[in-house]
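Student: Starting off with a structure, shown below.
The values are calculated or read from the model by the stated rules, or taken from the named source; none is laboratory data. The structure presented is a predicted model; accordingly, all values stated were derived computationally and were not measured. Here the Cβ positions follow ideal geometry from the backbone for every residue, glycine too, while neighbour counts run over all protein chains shown. To get the accessible areas, we keep the full protein, side chains included, count just its heavy atoms, and leave off ligands, DNA and RNA. Shrake-Rupley method; radii C 1.70, N 1.55, O 1.52, S 1.80 Å.
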Amino acid sequence: MIKKYLLYAFLSVTSVITLIPFIWMLGASFMFDGKASVFPPIFLPDPFTIIQYKILFERLNVWTNFFNSLILSTMVTVLYITFTSMAGYAFAKYRFKGKKFLFNLLLSSMIIPSQVTMLPLFLLLKSMGFINTYMAIIIPGLANIFGIFLIRQYCISIPDSLIEAARMDGATDFQIYRKVILPLAVPILVTLAIFSFLGTWNDFLWPLIALTDDSMYTLPVALANLMLEHTKDPELMMAGSVVTVIPVIIAFLALQKYYIKGIMMGSVKE
Amino acid sequence: MKIKNNINAAYFFLAPALSAIFIFFFIPVIAAFIMSFTDFDIYALGDLSTVRFIGINNYLKLFDDPLFYTALQNTFYFVIMAGPLSIAVSLGAALLLNSKLVKYKAIFRLSYFIPVVTTLVAVAIVWRFIYHPKFGIINYILSLVGIAPIDWLGDTATAMPAIVLMSVWKSFGYNMIIFIAGLQNIPEDLYEAASIEGATGWQKFRSITLPMLAPTTIFISLITMIGYFQFFAEPYIMTQGGPLNSTLSIVQYMYQEGFKWWNMGYSASIAFVFFFIILLGTIIQLKIQKSTE
């Protein structure tokens, strides 16, 4: 019995400790200038104000960055799901020459860290006129090997008889993919969608390189930039952090079942 | 597979993703490799004809570059400190949450997990203030037990440990989830049999849980190592690599050389050494995995 209460006490205390940075962030974001720079630190704003958010949105135009992040994350996710689901399905259910070789080549190149590609990718996109445009973020996010792999694993478990039956009914290959495979693959597609959305939203290094104007920045890049000018304004910076993390926390809470499943699936690859 | 095969359809489905991967991933990898043997710099950005092949000079220069060694050392220090710590914390959290005594697991799991999904840049900014020498929460807690304020991010001795602590906080929830899955795969009757023979909790942990979790642990070590090796935003936001380059990471050095000074040939050689180290680490871990099977 005592053991049980100790366990609960320990779990509760460590949970609160884990969440303290967020609690302080939220509290400080509703304080007037200078109120968060006190000793001992306080968590509850007194008086409460939304002036930091006003400064952020009205004077610093963070709306633009918010929309950049939202539009880019959405567009990347839609295209990514389309591209990877088609390729994953083909690897699962078609036979063609060089399939095994191609698939193994893709699998083994998962080890290459994306940072290796960044210099030539920058030059390539620059020569295409895409640096500092949405395309610079969308293009490298169109497909990745991890997504193709997960979808292939999922599609393998779809019975061939379903595909055969649809073909007997006169469905074309594309109709089979669209009407039979996609509906059955919804769980894995949701998993990959949330990975892709959060990944694009949270990404920092590549947007920092590929976007060069304030008005094109995604939220993390805008926030990092703001930090350099406002090192002494914790209240404003906390409001900026709240605006950046709230959407991902909401997206995660809404789809956490799929997210958690995705982590486990990613961890059982042979 | 009995499916009537339509090769054209297969190519139609594969073409978009594979062309994107070939053009915007494979070709850049090869190009980066070639670039690492050239003197590609800011002049080359304007006029490609100024690029010359210089053999392995970039790599030779790298091994003579004190800043590169600093970055390498910092990165290893970070991986070696944060990696095992993060794995230990994740395993501890997973064991507690897997206990049959605990109800409302979902709530605890959620609070441990939230840092994983949040934006690294945003939480690094929050932690910058948490480490504030005068007003930060950490120094406040330490003051309660009579420890004088520490300038966490401003001191070469504490800047890296501070970043390690923040990174462990940020990511232990991810590995915790994988550990929980691993724990749930251990057959219950193993524990029952051990109980009948009078094994203590610690003995059961040592001789059942740990060995059964070995494949999971190796996998987690691998992804943790690879992930931490690429750390960039933490020092970029919290310390800008300072003080005195004590938190400069490999990726940050690569970024600075490539995109701040436009020494792209040199930066590409850093990228390949970085890749080579990750590859080596992976091979070693996979060897360990083979030998445990």
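Student: Given A:K257/B:K287; A:K179/A:K261; A:K4/A:K261; B:K103/B:K170, which pairs have Cα atoms separated by over 32 Å?
Tutor: Working: A:K257/B:K287 34 Å; A:K179/A:K261 24 Å; A:K4/A:K261 29 Å; B:K103/B:K170 25 Å.
The pairs that break the limit, which is 32 Å between Cα atoms, are A:K257/B:K287.
Student: Using the heavy atoms of the protein chains and a 1.4 angstrom probe, tell me the accessible area per residue for region A:42-97 in square angstrom. Numbers along the way, then the final one.
Tutor: On the way: 2780 Å² over 56 residues.
Heavy-atom accessible area per residue stands at 50 Å².
Student: At what distance in angstrom do the alpha carbon centres of region A:67-92 and region A:241-256 lie from each other?
Tutor: 20 Å
Student: May I pose another question? To the nearest 20 debye, what charge dipole does region B:65-292 have about its Cα centre, counting +1 at the Cβ of each Lys and Arg and -1 at the Cβ of each Asp and Glu? Please report the intermediate quantities before stating the final value.
Tutor: Numbers: 12 positive and 9 negative charges, 73 e Å.
The dipole of region B:65-292 has a size of about 340 debye.
Student: Putting +1 on Lys and Arg Cβ atoms and -1 on Asp and Glu Cβ atoms, find which of A:W206, B:L280, B:A94 reaches farthest to the positive end of the dipole of the protein assembly as shown.
Tutor: B:A94
Student: For the protein assembly as shown, with the dipole built from +1 on Lys and Arg beta-carbon atoms and -1 on Asp and Glu ones, taken about the Cα centre, which of A:F10, B:M238, A:L236 lies farthest toward the positive end?
Tutor: With unit charges placed on the Cβ atoms, the residue in question is A:F10.
Student: Whole number in Å², please: accessible area per residue of region B:65-292, 1.4 Å probe, ligands, DNA and RNA not counted.
Tutor: Values: 9680 Å² over 228 residues.
That works out to 42 Å² per residue.
Student: Specify the residue with the greatest mean-square fluctuation among B:A44, B:A148, B:A271, computed from a Gaussian network of chain B linking alpha-carbon atoms under 10 Å apart.
Tutor: Evaluated over chain B, the most mobile residue of the options is B:A148.
Student: Next question, about the same structure. Can you compute the helix-only [θ] at 222 nm over chain B? Use -39500 (n - 2.57) per DSSP H run of at least 4 residues, normalise by all residues, nearest 500 deg cm²/dmol.
Tutor: Working: 15 runs with 200 residues, N = 293.
After summing the helix terms and dividing by the residues of chain B, the value is -22000 deg cm²/dmol.
Student: Can you spot the lysines whose alpha carbon is less than 19 Å from A:K232's alpha carbon? Ignore those fewer than 8 places along the same chain.
Tutor: Output for A:K232: A:K35, A:K54, B:K134.
Student: Between B:D151 and A:Y134, what's the calculated FRET efficiency when r is the beta-carbon distance and R0 is 30 Å? Round to 0.05.
Tutor: Values: r = 41 Å, r/R0 = 1.38.
It comes to 0.15.
Student: What residue among A:Y177, A:Y259, A:Y53 shows peak mean-square fluctuation when chain A is described by a Gaussian network model with Cα springs under 10 Å?
Tutor: Looking only at A:Y177, A:Y259, A:Y53, the largest GNM fluctuation is found for A:Y177.
Student: While we're here: For A:F57, what accessible surface area do you get with a 1.4 Å probe? Give it in Å², rounded to 10.
Tutor: Roll a 1.4 Å probe over it and A:F57 shows about 40 Å².
Student: Further, regarding this structure: Using Cα-Cα distances under 8 Å and only pairs 6 or more residues apart, what relative contact order does region B:65-292 have, in percent? Write out the running numbers ahead of the final one.
Tutor: On the way: 229 pairs, mean separation 65.9, N = 228.
Normalised by residue count, the contact order of region B:65-292 is 29 percent.
Student: In addition: With θ set to phi - 60° and the Karplus curve 6.51 cos²θ - 1.76 cosθ + 1.60, what are the ³J(HN,Hα) couplings of region B:99-108 in order, to the nearest whole Hz, using x for Gly and Pro?
Tutor: 5, 6, 6, 8, 9, 6, 4, 4, 5, 5
Student: Another question, then. For a quick check, take a GNM of chain A with Cα springs below 10 Å and name the residue from A:L11, A:L189, A:L121 with the largest mean-square fluctuation.
Tutor: Greatest mean-square fluctuation among the candidates belongs to A:L11.
Student: Give me the percent of accessible area attributable to carbon and sulfur for the protein assembly as shown, probe 1.4 angstrom.
Tutor: Details: 17490 of 25750 Å².
Roughly 68 percent of what the probe reaches on the protein assembly as shown is carbon or sulfur.
Student: So how far apart, in nm, are the two label points at A:W63 and A:S127 if each is 7 Å from Cα heading toward Cβ?
Tutor: Between A:W63 and A:S127, the label points sit 4.0 nm apart.
Student: In percent, how large is the relative contact order of chain A, given Cα pairs closer than 8 Å and 6 or more residues apart? If you can, show how the numbers build up before the last one.
Tutor: Working: 259 pairs, mean separation 84.1, N = 270.
It comes to 31 percent, rounded to a whole number.
Student: Right, something else. May I ask for the distance between the Cα centers of region A:97-173 and region B:210-256, given as a whole number of Å?
Tutor: Region A:97-173 and region B:210-256 have Cα centres separated by 27 Å.
Student: Moving on to the next point. Using 7 Å Cα-to-Cβ label points, what is the A:A254/A:M110 separation (nm, one decimal)?
Tutor: Going by the 7 Å Cα→Cβ label model, 2.8 nm.
Student: How high is the FRET efficiency between B:A214 and A:L184 when r is their beta carbon distance and R₀ equals 35 Å, given to the nearest 0.05?
Tutor: On the way: r = 35 Å, r/R0 = 1.00.
Plugging the Cβ-Cβ distance into 1/(1 + (r/R0)^6) gives 0.50.
Student: Let me know the charge dipole size of region A:163-270 about its Cα centre in debye, to the nearest 20, where only the beta-carbon of Lys, Arg (+1) and Asp, Glu (-1) is charged.
Tutor: Here the size comes out at about 520 debye.
Student: While we're on this one: Under 5 Å between amide H atoms, partner at least 5 residues away or on a different chain: which partners does B:T38 have, H built in plane at 1.01 Å?
Tutor: B:I54
Student: Sorted from largest to smallest, which semi-axis lengths in Å does the alpha carbon gyration tensor of chain A give for its equivalent ellipsoid, taking the root of 5 times each eigenvalue?
Tutor: 41, 26, 17
Student: May I ask you to give the average projected area over all directions of the convex hull of the Cα atoms of region A:1-128, in nm² rounded to one decimal? Walk me through the numbers before you get to the answer.
Tutor: Values: hull surface 69.1 nm².
Mean projected area for region A:1-128: 17.3 nm², to one decimal.
Student: Right, something else. Against the longest alpha carbon principal axis of chain A, how many degrees, from 0 to 90 and to the nearest 10, is the axis of helix A:219-229 turned?
Tutor: The angle comes out at about 30 degrees.
Student: Nearest 10 degrees, 0 to 90: what angle lies between the long axis of helix A:234-254 and the longest principal axis of chain A (Cα atoms)?
Tutor: 30 degrees
Student: Across 20 Å bins from the origin, how do the percents of Cα pairs in the protein assembly as shown run, short distances first?
Tutor: 19, 52, 27, 2
Student: Still on this model: Please give the residues from region A:54-90 for which the solvent-accessible area of heavy atoms, probe 1.4 Å, is smaller by at least 50 Å² with all protein chains in place than with the chain isolated.
Tutor: A:F83, A:M86
Student: Can you find, among A:F195, A:F122, A:A90, the residue farthest towards the positive end of the dipole of chain A? Put +1 on the C-beta of Lys and Arg, -1 on that of Asp and Glu.
Tutor: Looking along the dipole axis, the top candidate is A:A90.
Student: Please list, in order along region A:77-85, the HN-Hα scalar couplings obtained from phi with the Karplus expression 6.51 cos²θ - 1.76 cosθ + 1.60 (θ = phi - 60°), rounded to whole Hz, x for Gly and Pro.
Tutor: Along region A:77-85, the couplings run 4, 4, 5, 4, 5, 4, 5, 6, 5 Hz.
Student: Let me ask something else. Within 10 Å of each Cβ in B:231-238, how many Cβ atoms from other chains are there, averaged over the peptide?
Tutor: On the way: counts 0, 4, 7, 0, 0, 5, 6, 1.
Other-chain Cβ atoms within 10 Å of each residue's Cβ, averaged: 3.
Student: Bin width 10 Å, origin at 0, all Cα-Cα pairs of region B:65-292: what percent of pairs per bin?
Tutor: Taking every Cα pair in region B:65-292, the percentages come to 7, 26, 30, 22, 11, 3, 0.
Student: Something else: 222 nm [θ] for chain A, helices only, -39500 (n - 2.57) per DSSP H run of 4+, per residue, to 500? Spell out each step's value before the answer.
Tutor: Details: 13 runs with 176 residues, N = 270.
Mean residue ellipticity at 222 nm (helix-derived): -21000 deg cm²/dmol.
Student: Round to a whole angstrom and tell me the spacing of the C-alpha centers of region A:14-59 and region A:183-202.
Tutor: Here the two parts' Cα centres lie 32 Å apart.
Student: Would you mind working out the magnitude of the charge dipole of region A:43-181 relative to its Cα centre, with +1 at each Lys and Arg C-beta and -1 at each Asp and Glu C-beta, to the nearest 20 Debye? Write out the running numbers ahead of the final one.
Tutor: Working: 12 positive and 6 negative charges, 96 e Å.
The dipole magnitude comes to about 460 debye.
Student: Taking θ = phi - 60°, what integer Hz values does the Karplus form 6.51 cos²θ - 1.76 cosθ + 1.60 yield along region A:125-137, in sequence order, with x for Gly and Pro?
Tutor: Values per residue, Gly and Pro as x: 5, 5, 5, 8, x, 9, 5, 6, 10, 4, 4, 4, 8 Hz.
Student: What accessible area, summed over both chains, is buried at the A-B interface (1.4 Å probe, Å², nearest 100)? List each step's numbers first, then the result.
Tutor: Working: alone 16340 and 17960 Å², together 25750 Å².
Buried: approximately 8500 Å² between B and A.
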